[in-house]
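What follows is a set of notes on a single structure, which appears directly below.
The values are calculated or read from the model by the stated rules, or taken from the named source; none is laboratory data. In this text the structure is predicted, and so the values were computed from the model without any measurement. Note: ideal-geometry Cβ built from the backbone for every residue, glycine included; neighbour counts use all protein chains shown. Areas reflect the complete protein model, heavy atoms only, side chains present, ligands, DNA and RNA absent. Shrake-Rupley method; radii C 1.70, N 1.55, O 1.52, S 1.80 Å.
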Amino acid sequence: MLGSRAWLGRGLLLPSAGLRIAASRRGSSSRDKDRSASVSSSVPMPAGGKGSRPSCPPSTPQRVPNRLINEKSPYLLQHAYNPVDWYPWGQEAFDKARKENKPIFLSVGYSTCHWCHMMEEESFQNEEIGRLLSEDFVSVKVDREERPDVDKVYMTFVQATSSGGGWPMNVWLTPNLQPFVGGTYFPPEDGLTRVGFRTVLLRIREQWKQNKNTLLENSQRVTTALLARSEISTGDRQLPPSAATMNSRCFQQLDEGYDEEYGGFAEAPKFPTPVILNFLFSYWLSHRLTQDGPRAQQMALHTLKMMANGGIRDHVGQGFHRYSTDRQWHVPHFEKMLYDQAQLAVVYSQAFQISGDEFYSDVAKGILQYVSRSLIHRSGGFYSAEDADSPPEQGMRPKEGAFYVWTVKEVQQLLPDLVPGATETLTSGQLLMKHYGLTEAGNISPTQDPNGELQGQNVLMVRYSLELTAARFGLDVEAVRTLLNTGLEKLFQARKHRPKPHLDSKMLAAWNGLMVSGYAVTGAVLGMDRLIGYATNGAKFLKRHMFDVASGRLKRTCYASSGGTVEHSNPPCWGFLEDYAFVVRGLLDLYEASLESSWLEWALRLQDTQDRLFWDSRGGGYFCSEAELGAGLPLRLKDDQDGAEPSANSVSAHNLLRLHGFTGHKDWMDKCVCLLTAFSERMRRVPVALPEMVRALSAHQQTLKQIVICGDPQAKDTKALVQCVHSIYIPNKVLILADGDPSSFLSRQLPFLSTLRQLEDRATAYVCENQACSMPITDPSELRKLLHQ
């Protein structure tokens, strides 16, 4: 904390005035990448999150669109009919603030944010509040998914001056863009224990007029402190910390917070956190012979199983919701995010590699089935999210989870057929309700439904194993499996007739890169070319629609038009560090899945561009944004937390190691060492906040395997060796196809490939480490033995 209450109390609002700056749980949870905070009421809120109501046209004739009507962002368009003189983030707004000497009111959110929409309906549609915002402030709306740099900078301020957070994020800035007070959701009017938004605006207006110089001085002081606090640099350090020490500390911190009964790492709300599960699998692999290794594996597999059986998974339509509001993974916040689907597909595929249990591979396939059905553009790109809220029926007000929940009556009507062979009279509906825990009164606790929107409703959650359900009714296990699957399909078909949740059709390069990885890794592990085809189409989409050939830069966003074509903002929104890091990872995964070297070549070019635009040549590591793109922002940050998405620096560390393995270029390795050294202090202090980077640190201090397959990529014996490699969990490796062409891209990068030969004209594998290769292997079973050592 930076003493926010003291200086804000003196410089803005005296304690006696009744407004406190403190943490609030209003808004999307701060656990979601910890990028949120609030000016509080002291009333806690239920675990809110991302969800939205569809944008509505003006309800009265006098309402006319504001300038946001010209934007592409679905979130900004949802505010286009507010009686607020909104500006998008840009020079026009900043110039107006300086010319008129007004504070800037910055409001940041995203189109599927539940509490963003609550505030939009309650405050931004209010005529009086609209006048205050338009006359006394320069009001700026930002889609955090379009401008993660703006979101990160001001979230850093809000989190440092309070103790929690969420979205919407509302921050007041000086005309020079320095923050002086911030918060999240505000109710429109004062309550018994909280201050309303109208009151906050009036008080800030008053203080700006009376104590502006004090505000400016305090704002400068806090910004300077934040600048020092957020610095990440190699300093005097020459090398990164010990991987063994960081691994052990990270595992111990996770072990202490682990939920033995239900899996996961918190009481509630509970998040999927794939970065933690990835770490546990890697930790297991390197500690298999110790007591902690099997423990790490059990923690990850049990968590994944409990999540997949819980209500956080959509058992009817597949895919995962954002998070669970309870310890049991039962009642979710119903929004579905692309980045969750992408990462969970990978981690469930890895669980299958490790365990051999098809339960996990079935979950991975279900996730990708959902994405290919609901989140894919016809040109191959992937949409960002589906909302939590939707109308229960056409014309009704949207409600949380309405699309996903069921009453007993609905299920009985849809599944009335008797089940033959049961020991008692039983309909297929009763069988499904027993297995998934549906009750007449509804299975959602009132504490999880503070607005009373889900009374009498049920969230499907696996209550019993197939074996127990079968035994309960004297049925065969396979018969029960078939009956349940048939029942779920009927529910799915019935659900198609419900009003659908709002789709955020914005496409982000970073999340598309994650999704390319999701399809590529799962397709490779399961040997499903169809899934690899989706990954290939996704990469083609990125190259066609989100890559500027002339400059070599990625574009951050593009949008699906109403006609299905792809549109861009003008000027384009250029990519941030996470766009490059996640797309490079996706391309490397796609190369290993498809063995088409063109994807590897593009990954190298993008990495070069990333280095040019984001690398900190003085302190090491990568900035989140380009220097020019972030001009005027008070901070230029390096993301230092693996949260709902991995930190782009963590992913970049892995990418650099892999690129060194693919090319032998020493510069990649040097940059990786420098990056890890720059983040040494962060890792030492709280390793559990950077599990993906700790994993990269371990990979760097171990030996990367170069697995080379010599052969015709279309030949059966080559495919057999490749599939053998994909079936084994080997996180610290690169897979290389040597097709015998000395002029090929990889042969030019790695001259030693020309010395490796096929044995007796058969596809041949070599496992190379530390510039030494194994004896040639042609039998997949022998290769499996070697890779398991």
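In terms of packing, defined here as the mean over residues of other Cβ atoms within 10 angstrom, the peptides 415-426, 127-138 line up highest first as 127-138, 415-426.
Mind running the shape call on segment 400-439? Use the C-alpha gyration tensor, a ≥ b ≥ c as the square roots of the eigenvalues: rounded below 1.5 for a/c, prolate if a/b tops b/c, oblate otherwise. Note, shape of segment 400-439 comes out prolate.
Here the Kirkwood formula puts the hydrodynamic radius of segment 633-729 at 15.4 Å, using every distinct Cα pair. Candidate cross-link partners of residue 671 among the aspartates and glutamates, defined by an alpha-carbon separation under 13 Å and a same-chain spacing of 8 or more, comprise 608, 611, 616. Here's the thing: no lysines lie within a cross-link span of residue 716, going by alpha-carbon distance under 17 Å and ignoring same-chain residues fewer than 8 apart. Summary of the geometry: segment 294-348 and segment 714-789, compared by the centres of their Cα atoms, lie 35 Å apart. Toward the positive end of the charge dipole of segment 497-560, with +1 on the Cβ of Lys and Arg and -1 on the Cβ of Asp and Glu, the farthest Cα among 519, 547, 560 is that of 560. For residue 409, the lysines whose Cα falls under 28 Å of its own Cα, not counting residues fewer than eight places away in the same chain, are 336, 399, 434, 490, 496, 500.
Dipole size in debye (nearest 20) for segment 405-563 around its Cα centre, Lys and Arg Cβ +1, Asp and Glu Cβ -1? Provide the component values of the computation, followed by the final result.
On the way: 18 positive and 13 negative charges, 202 e Å.
Using Cβ point charges on Lys, Arg, Asp and Glu, segment 405-563 gives about 960 debye.
Per residue, the convex hull around the alpha carbon atoms of segment 695-745 comes to 88 Å³. Proximity of backbone amide H atoms, modeled 1.01 Å from N, is registered between residue 138 and 104, 105 at under 5 Å, excluding neighbours fewer than 5 places apart on the same chain.
Hydrodynamic analysis of segment 295-388 uses the Kirkwood radius over alpha carbon pairs. Inserted into Stokes-Einstein at 10 °C and 1.306 mPa s, it gives a translational diffusion coefficient of 118 µm²/s.
So for the chain, averaging the separation of alpha carbon pairs under 8 Å that are six or more residues apart and normalising by length, what relative contact order in percent results? Mind showing how you got there, number by number?
Working: 1625 pairs, mean separation 95.2, N = 789.
Worked out over the chain, it gives 12 percent.
Rounded to the nearest whole Hz, the Karplus-based 3J(HN,Hα) values (6.51 cos²θ - 1.76 cosθ + 1.60, θ = phi - 60°) of segment 455-467 follow the sequence 4, x, 9, 10, 9, 5, 8, 5, 9, 9, 5, 4, 5, with x at glycine and proline. Rounded to the nearest 20, the Cβ-based charge dipole of the chain about its Cα centre (Lys and Arg +1, Asp and Glu -1) stands at 1260 debye.
Across segment 620-683, C-alpha contacts under 8 Å between residues 6 or more apart give a mean separation that, scaled by the residue count, equals a relative contact order of 36 percent.
For the chain, the solvent-accessible area works out to 38 Å² per residue, with a probe of 1.4 Å and every protein chain left in place. When segment 675-789 is described by a simple charge dipole with +1 on each Lys and Arg Cβ and -1 on each Asp and Glu Cβ, the residue from 729, 742, 710 located farthest towards its positive end is 729. If the Kirkwood radius is taken over C-alpha pairs of segment 310-351, then at 37 °C and 0.692 mPa s the Stokes-Einstein diffusion coefficient equals 313 µm²/s.
Using a ≥ b ≥ c from the Cα gyration tensor of the chain (square roots of the eigenvalues), is it rounded, prolate or oblate, where a/c under 1.5 gives rounded and otherwise the larger of a/b and b/c decides, a/b for prolate?
Values: a/c = 1.78, a/b = 1.21, b/c = 1.47.
Oblate, since a/c reaches 1.5 and b/c is not below a/b.
Classify segment 497-640 from the C-alpha gyration tensor, please: rounded if a/c falls under 1.5, else prolate or oblate depending on whether a/b exceeds b/c. Oblate. Each of 213, 688, 701 was scored by the projection of its Cα onto the charge dipole of the chain, and the greatest displacement toward the positive side belongs to 213; charges sit on the C-beta of Lys, Arg, Asp and Glu.
In a simple Cβ point-charge model (Lys, Arg +1; Asp, Glu -1; nothing else charged), segment 681-776 has a dipole of about 480 debye relative to its Cα centre. Over segment 272-331, all Cα pairs binned in 10 Å intervals from 0 give whole-percent P(r) values of 24, 43, 25, 8, 0, listed from short to long.
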